[in-house]
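Colleague: To start, I am sharing the structure in question, which I have written as structure tokens.
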Amino acid sequence: MMARSGSLKRGKIAIIGAGWAGLAAAVELAGKADVTLFEASRVAGGRARGVADKGFSFLDNGQHLLIGAYRHVFELLDKIGVNHHEIFLRQPMQWHLHDGVQFRARRLLPAPFHLLTAILQAKGARLPEKLRLLHQITALTLWHKKQHLPDVSVAQWLEKQHVSQKWQAQFWQPLVWGALNTPMQSASLRVLANVLADGIWHSRENSNYCLPKVDLGAVLANPALSYVQARGVRYLPEHRVQKMVYQNQQLALFGETFDRAIVAVAPYHLLNVLPENWLTPSFQAAISQIKYHAITTVYLRYNRPVALPAAITGFADGTTQWLIDRSQINGANEIAAVISVSDQHGALSPEQWVQRVQADLQRILPDLPAPIAVQTITEKRATIAADVQRPIPNPREFAQYGVLLAGDYFSARYPATLETAVQSGMNAARQILKTLA
Ligand SMILES: Cc1cc2nc3c(=O)[nH]c(=O)nc-3n(C[C@H](O)[C@H](O)[C@H](O)COP(=O)(O)OP(=O)(O)OC[C@H]3O[C@@H](n4cnc5c(N)ncnc54)[C@H](O)[C@@H]3O)c2cc1C
């Protein structure tokens, strides 16, 4: 229960931020409270949004990949009537490095045999290497159960396991970059173990890859806004909330008063919204210690089909980590190239990113012509570093003022993702619903 006493009759609730956390909260509260959703930008979706297409079949602010384990995301999509079997290309977990190991989970086998057989049948590895990889994954799943052990960085653990350079480069590093968007030297082994145990190792369904066939606005923001507006939610885009004012047990925003608020902005925007006199030193310290990493996505369009060997093809030794082949997703002659932790490459211009990605692509397709359209998008604070001892602020820190926090950064168990954003938005809304009469 929230600390502030008294239950509300159809309370007046402000949600600040229409990213995936704020949208999830709005859907949960729609029809059950008097809700206003404030969004600073023109478009909803936050760090997972569609952008104007400039000749592409669709564009986002960055390529996103979901996995079957995103239970709260699929629950949300079900609720707002989005058929996620249609809007995602769902494929069994696969690992296809152009310059390295390749395997693909078996469709018909139950977990963990779907993965065991995949690794045993992997291309580009000798049997002893496959057995060692299986041993390491098993050791990590066993370590995961020992919650009392102190967390260490993935790099420290790999060193202790005597993992070779080849396997660091061909499996662990791309895995940690992709799943945690964090360098191995600082990435939390515990978070990685949680992702493996609850994701690819848990069940065949959880380990599926889900690639959007449409832009992220069409996946969530647009249908969620239609759903909530049809249920009386007032949506106010281009409304950047400045410091909230708290008076007489009410919150004032844009000259209007509210009983409760959910603040669903990224941590780097929190201090613009929260009054200074609310902030404790420990909360400020937690927020200031959060680290971010960039993700760069280069979109390329060609005048002829570009067929890559797998829908997701990676490199152990390239600038590009993963190439997403849209011809296998929506039939377009387009590639989305993903560079996680792209801040480690220094400040490259959009043209330099394109040149590097095109050079990587030509390693697979030497006759590839120059692209006819390109778009490079770098999100400097794409995700929160999943470091060892990452600070997790308390989302109920300001419950005494009727304010709950939501966002991707509140999960100690998982990296900051769409799933943790949605889960946290739902949690905040459910807390508030408990206080409604
Ligand atoms: C390039 C890229 C690739 C990614 N890839 C993946 C992936 O493959 N899989 C995955 O699961 N996750 C991925 N992520 C992470 C995922 O996008 C985020 O975890 C998620 O979108 C965060 O949602 P959120 O609602 O917590 O925060 P945000 O998306 O940051 O939403 C906050 C919202 O609040 C608004 N706002 C801020 N201040 C104010 C204010 N004062 N008043 C009103 N509104 C305000 C912002 O405009 C924004 O819309 C990726 C992120 C990026 C950028």
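Colleague: Has the range 248-261 got at least one residue that is in a loop (DSSP other than H, G, I, E, B), out of contact with any Cys (no Cβ under 6 Å at 6 or more places or on another chain) and within 30 Å of residue 345 (Cβ to Cβ)? Show your work before the answer.
Modeller: Keep residues of the range 248-261 that are in a loop (DSSP other than H, G, I, E, B), which gives 248-249, 254-255, 259.
Imposing the further condition that a residue be out of contact with any Cys (no Cβ under 6 Å at 6 or more places or on another chain) reduces the set to 248-249, 254-255, 259.
Narrowing the set further to residues that are within 30 Å of residue 345 (Cβ to Cβ) leaves none.
The answer is no, given that none of the residues of the range 248-261 is in a loop (DSSP other than H, G, I, E, B), out of contact with any Cys (no Cβ under 6 Å at 6 or more places or on another chain) and within 30 Å of residue 345 (Cβ to Cβ).
Colleague: Would a scan of the range 362-377 turn up a residue that is open to solvent by 10 Å² or more (accessible area, probe 1.4 Å), more than 16 Å from the ligand (Cβ to nearest atom), among the small types (Gly, Ala, Ser) and not in a loop (DSSP other than H, G, I, E, B)?
Modeller: yes
Colleague: Within 30 Å of residue 108 (Cα to Cα), surrounded by fewer than 21 Cβ atoms within 10 Å (Cβ to Cβ), away from the ligand (no atom under 16 Å from the Cβ) and acidic (Asp, Glu), is that true of residue 205? So that I can check it myself, show each step before the final result.
Modeller: Details: within 30 Å of residue 108 (Cα to Cα): yes; surrounded by fewer than 21 Cβ atoms within 10 Å (Cβ to Cβ): yes; away from the ligand (no atom under 16 Å from the Cβ): yes; acidic (Asp, Glu): yes.
When the stated conditions are applied, residue 205 passes them.
Colleague: Going through the range 32-41 one residue at a time, which ones are open to solvent by 40 Å² or more (accessible area, probe 1.4 Å) and more than 12 Å from the ligand (Cβ to nearest atom)?
Modeller: First, pick out the residues of the range 32-41 that are open to solvent by 40 Å² or more (accessible area, probe 1.4 Å): 32, 34, 41.
Within the range 32-41, 32, 34 qualify.
Colleague: Using the structure shown, decide if residue 44 is surrounded by 21 or more Cβ atoms within 10 Å (Cβ to Cβ), closer than 28 Å to residue 376 by Cβ and within 16 Å of the ligand (Cβ to nearest atom). Walk me through it before giving the result.
Modeller: On the way: surrounded by 21 or more Cβ atoms within 10 Å (Cβ to Cβ): yes; closer than 28 Å to residue 376 by Cβ: yes; within 16 Å of the ligand (Cβ to nearest atom): yes.
Considered against the rule, which asks whether it is surrounded by 21 or more Cβ atoms within 10 Å (Cβ to Cβ), closer than 28 Å to residue 376 by Cβ and within 16 Å of the ligand (Cβ to nearest atom), residue 44 comes out as yes.
Colleague: Would you please list the contacts, defined by Cβ atoms under 6 Å and residues six or more apart or on different chains, that run from a residue in the range 332-356 that is more than 13 Å from residue 321 (Cα to Cα) to a residue that is of a type outside the set (A, V, I, L, M, F, W, C) and open to solvent by 70 Å² or more (accessible area, probe 1.4 Å)?
Modeller: Final answer for the pair search is 333/305; 334/301.
Colleague: Which one of these does residue 69 not meet: (1) within 14 Å of the ligand (Cβ to nearest atom); (2) in a helix (DSSP H, G or I)?
Modeller: (2)
Colleague: Does the range 381-399 contain at least one residue that is under 19 Å from residue 295 (Cα atoms), more than 16 Å from the ligand (Cβ to nearest atom) and of a type in the set (Lys, Arg)?
Modeller: no
Colleague: Out of the residues in the range 59-79 meeting the condition of being open to solvent by less than 40 Å² (accessible area, probe 1.4 Å) and closer than 15 Å to residue 414 by Cα, tell me which one is nearest to the chain's Cα centre (by Cα).
Modeller: Among those that are open to solvent by less than 40 Å² (accessible area, probe 1.4 Å) and closer than 15 Å to residue 414 by Cα, it is 66.
Colleague: List the pairs whose first member sits in the range 306-330 and is assigned to a helix (DSSP H, G or I), whose second member is among the charged types (D, E, K, R) and surrounded by 22 or more Cβ atoms within 10 Å (Cβ to Cβ), and whose Cβ atoms are under 6 Å apart, counting only residues at least 6 apart or on separate chains?
Modeller: 326/334
Colleague: Could you please give the count of residues in the range 295-346 that are of a type in the set (D, E, K, R), touching a helix residue (DSSP H, G or I) at 6+ places or on another chain (Cβ under 8 Å) and modelled with pLDDT under 95?
Modeller: Taking the range 295-346 as the starting set, the residues that turn out to be of a type in the set (D, E, K, R) are 301, 304, 317, 325-326, 334, 343.
Keeping just the survivors that are touching a helix residue (DSSP H, G or I) at 6+ places or on another chain (Cβ under 8 Å) gives 317, 334.
Among the residues that remain, those that are also modelled with pLDDT under 95 are: 317.
So the answer is 1.
Colleague: Could you list all residues from the range 169-186 that are of a type in the set (A, V, I, L, M, F, W, C) and within 16 Å of the ligand (Cβ to nearest atom)? Can you show your working first?
Modeller: First pass over the range 169-186, keeping only residues of a type in the set (A, V, I, L, M, F, W, C): 169, 171-172, 175-177, 179-180, 184.
Passing the criteria: 175, 176, 177, 179, 180.
Colleague: Within the range 419-437, how many residues turn out to be open to solvent by 20 Å² or more (accessible area, probe 1.4 Å) and either near the ligand (Cβ under 10 Å from one of its atoms) or part of a helix (DSSP H, G or I) (or both)? Before the answer, list the steps.
Modeller: Our first condition is that a residue be open to solvent by 20 Å² or more (accessible area, probe 1.4 Å); within the range 419-437, this holds for 423, 427, 430-431, 433-434, 436-437.
Okay, now just the ones that are also either near the ligand (Cβ under 10 Å from one of its atoms) or part of a helix (DSSP H, G or I) (or both), so 423, 427, 430-431, 433-434.
Matching residues across the range 419-437 total 6.
Colleague: Taking the criterion of being at pLDDT below 95 and farther than 30 Å from residue 56 by Cα, would at least one residue in the range 206-217 satisfy it?
Modeller: yes
Colleague: Continuing with this model, one more query. Read through the list (1) surrounded by 14 or more Cβ atoms within 10 Å (Cβ to Cβ); (2) not in a loop (DSSP other than H, G, I, E, B), then give the number of the only condition that residue 348 fails.
Modeller: (2)
Colleague: So, residue 56, is that one crowded, with 18+ Cβ neighbours inside 10 Å, among the aromatic types (Phe, Trp, Tyr) and within 16 Å of the ligand (Cβ to nearest atom) or not? Full working, then the answer.
Modeller: Values: crowded, with 18+ Cβ neighbours inside 10 Å: yes; among the aromatic types (Phe, Trp, Tyr): yes; within 16 Å of the ligand (Cβ to nearest atom): yes.
Against the criterion (crowded, with 18+ Cβ neighbours inside 10 Å, among the aromatic types (Phe, Trp, Tyr) and within 16 Å of the ligand (Cβ to nearest atom)), residue 56 qualifies.
The values are calculated or read from the model by the stated rules, or taken from the named source; none is laboratory data. This one's a predicted model, so the numbers in the text were calculated from it and none came from an experiment. Please note: Cβ atoms are built from the backbone with ideal geometry, for glycine as well, and neighbour counts cover all protein chains shown. Protein only, heavy atoms only, side chains kept; ligands, DNA and RNA dropped before computing areas. Shrake-Rupley method; radii C 1.70, N 1.55, O 1.52, S 1.80 Å.
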